[in-house]
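The values are calculated or read from the model by the stated rules, or taken from the named source; none is laboratory data. In this text, all values refer to a predicted model and were calculated from it rather than measured experimentally. Glycine also receives a Cβ, built like all others from the backbone with ideal geometry; neighbour counts cover every protein chain displayed. In case anyone asks, the SASA skips ligands and DNA or RNA and just uses the protein heavy atoms, side chains included. Shrake-Rupley method; radii C 1.70, N 1.55, O 1.52, S 1.80 Å.
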Amino acid sequence: MKKRIILLHIISITFVFLSAQITPQKFIDGPYIFYLENGISVKYYNNGKTISNIYKFNGEQEITFNGLLNDKNCTYSIPQNISDNPNDLIGKHEKIFVCSDIHGQSKIFVELLKNSGIIDENRNWIFGNGILIIDGDIFDRGVGVTEILWLIIGLEKQAQSFGGEVRVLLGNHEIMVLQNDMRYLDEKYNLIAKTFELEPKNLYDINTFFGKWLRSKNTLLKIDKLLFVHAGISTKIVEQNLSINEINNLVKNNIELDRKSIKTNETLNLIFGSFGLFWYRGYFYKTKRYPKITIQEFETILTQFDVEKIIVGHTTQKNILTIFDGKIIAVDSGLKYGDKGEGLLIENNDFTIFDLKGKKKSLFNNEK
Ligand code: ZN
């Protein structure tokens with residue numbers, strides 16, 4: 001593990017200014033980190049105003065800065081360099097917790113993690129050496145995106161010190177934001193961008209910490225015989241004969257491409273398109289676009305990646321459930337609605353569903 005040293009900031013300048021054109025809205029959001037040549041600019045939205053602090057790099061590996069509105073009791077740390085190559089193959093692991101499609105619903109995300117034994121009352125990691133997997137779609141719809149991002153970024157670091165891990169996989173809503181399609185982001189983020197005198201896309205561009213962090217994430221993660229992906233893997237993807245690592249790299253290396261450029265390349269068009277890893281719905285229902293996959297077709301996917309189960313989000317179900325005798329596990333159980341939703345604990349060979357209140361039941365009574 002990299003040695004991390006807390007950097008005391010040398011210069012902290014605060015600018016506060018009002019934006020004349022925008023009606024101030026009563027909420028607080030941030031911090032947003034923008035990279036400068038010799039440091040970072042840390043911005044907050046505070047009831048229609050921008051609050052901005054500048055911190056200088058001085059050769060250390062981590063920068064620590066105060067929390068919302070310069071609250072010294074609350075600090076954030078970011079590494080100066082983000083590893084963009086997290087491992088995508090992990091051996092057998094004794095405990096894994098997975099949920100997906102949080103879509104900005106920070107309050108119930110916290111409730112789910114607390115009542116499932118992942119974090120304590122103070123939002124600290126208590127999952128030991130477990131792996132927490134977010135199976136895509138943190139972004140869009142809800143108003144708690146920034147809060148979720150900072151919670152996860154903090155837990156990533158805490159988990160490491162217990163031998164645990166937090167793994168965020170990219171969903172179609174992360175891809176949309178990174179490809180500058182901001183249609184589904186709540187209006188508040190447009191207002192924050194305007195107040196910062198930026199375009200909405202600049203909140204997550206390559207010069208921001210959120211942007212670099214998102215671009216470092218994988219699309220596929222294999223843990224022993226389990227494969228995690230946001231929407232699913234179609235037989236068309238199998239025909240491309242790509243490895244997990246090749247797919248992850250193809251996504252990372254082409255994430256900035258616009259849709260027109262993607263369409264000129266058959267493999268990329270498939271990966272990012274409706275039969276790709278971010279949008280596919282063929283496990284769930286038959287539509288004009290998606291003929292429902294057969295068990296024989298699905299078995300070819302398991303064989304290709306040498307796994308026994310594929311765990312997906314994206315297509316919302318009433319509850320976490322299984323298809324094909326437990327070979328597909330669908331974990332998007334509607335957290336996006338803001339008042340329900342579940343997570344799945346995988347402990348050795350036990351698969352236990354937790355609801356928001358921490359009520360448990362076995363997964364395998366839930367075959368669709
Ligand atoms: Zn999705």
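Using the structure shown, select from Lys43/Lys188; Lys72/Lys188; Lys309/Lys368 the pairs with a Cα to Cα distance greater than 24 angstrom.
Working: Lys43/Lys188 15 Å; Lys72/Lys188 26 Å; Lys309/Lys368 15 Å.
Checking Cα-Cα distances, Lys72/Lys188 exceed 24 Å.
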Selection from Ile54, Phe127, Leu89, by position along the positive dipole direction of the chain (Cβ): Ile54
For segment 198-292, listing chymotrypsin sites (Phe, Trp or Tyr not before Pro) in a DSSP loop whose Cβ sees at most 14 other Cβ atoms within 10 Å gives Tyr285
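Can you give me the % of accessible surface on the chain that is carbon or sulfur? Probe 1.4 Å, all protein chains present, nothing else counted. Could you put the intermediate results ahead of the total?
Values: 7910 of 16520 Å².
C and S atoms contribute 48 percent here.
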Listed residues Lys260, Lys157, Lys318; largest mean-square fluctuation, Gaussian network over the chain with Cα springs below 10 Å, found at Lys260
Bridge orientation stat for the chain from DSSP, antiparallel percent rounded to 5, came to 70
Computed [θ] at 222 nm, deg cm²/dmol, the chain (DSSP H ≥ 4; -39,500 (n - 2.57); rounded to nearest 500): -7000 deg cm²/dmol
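Given +1 on the Cβ of Lys and Arg, -1 on the Cβ of Asp and Glu, and no further charges, what dipole in debye does the chain carry about its Cα centre, rounded to the nearest 20? Could the numbers behind the result be given before it?
Numbers: 45 positive and 43 negative charges, 109 e Å.
Computed charge dipole of the chain: roughly 520 debye.
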Might you tell me the accessible area per residue for the chain, computed with a 1.4 Å probe and given in Å²? 45
Any idea what angle helix 295-305 forms with the longest principal axis of the chain, computed on alpha-carbon atoms, 0 to 90 degrees, nearest 10? 50
Residue among Asp332, Asp137, Asp29 with the largest mean-square fluctuation in a Gaussian network model of the chain, springs linking Cα atoms under 10 Å: Asp29
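Quick one: net charge of Arg167's neighbours, Cβ under 13 Å, K/R +1, D/E -1?
Working: positive: Lys217, Lys222; negative: Asp88, Asp135, Glu156, Glu165.
That works out to -2.
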Amide H of Gly171: which non-local residues (sequence gap of 5 or more, or other chain) have their own amide H closer than 5 Å, using H built in the peptide plane? Asp137, Ile138
With r as the distance between the Cβ atoms of Phe57 and Lys368 and R0 = 51 Å, compute the FRET efficiency 1/(1 + (r/R0)^6) and round to 0.05. 0.45
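Quick check: net charge around Lys114, other residues with Cβ under 12 Å of its Cβ, Lys/Arg +1 and Asp/Glu -1?
Details: positive: Lys107, Arg123, Lys357; negative: Glu111, Asp120, Glu121.
Every neighbour counted, the sum reads 0.
Within 10 Å, count the other beta carbons around each residue, average over each peptide in 47-57, 229-239, and list them highest first. Provide the component values of the computation, followed by the final result.
Details: 47-57: 17.3, 229-239: 22.0.
Output ranking for 47-57, 229-239: 229-239, 47-57.
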